[in-house]
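See structure below.
The values are calculated or read from the model by the stated rules, or taken from the named source; none is laboratory data. Fair warning: this is a prediction, and the values are worked out from it, not measured in the lab. All Cβ positions, even for glycine, are placed from backbone atoms using ideal geometry, and neighbour counts span all protein chains on display.
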Amino acid sequence: MAPTALSDGYEGMTGLDVTAKSDCLTCHSVSEKGIGPSYISIANKYDSNAINIDKLAKKLINGGSGSWGNIPMTPHSSMSDETAKSVIKFILSLKK
């Protein structure tokens, strides 16, 4: 059974709060490329729509590589779909 937003440790938090509490900032920053792309680069690549939010939330949960190079993103399998979507919505809101 998949974890729910009430059991993943991020209940009541905004996408911004989740990125600060989780390990996201180990590889990403708002404006500078690190191990992974910056949040602004991600926002500029993807339109904020339901299809992209679902796609990127699944990628956040399952991990993967290929969209930004060969370095794999660590899966966040304990993160609920709702929490992952809130993180993605926050990131996509940074579009310039």
Enumerated helices (runs of 4 or more DSSP H) restricted to the chain, each holding at least 3 residues that are touching a Gly at 6+ places or on another chain (Cβ under 8 Å) = 81-92
Taking the range 39-73 as the search range and keeping residues that are β-branched (Val, Ile, Thr) and surrounded by 14 or more Cβ atoms within 10 Å (Cβ to Cβ), which one is nearest to GLY9 (Cα to Cα)?
-> ILE61
Which residues, counting only those in the range 64-96, are at pLDDT 95 or above and either in contact with a His (Cβ under 8 Å, 6 or more places away or on another chain) or among the basic types (Lys, Arg) (or both)?
-> ALA84, LYS85, LYS89
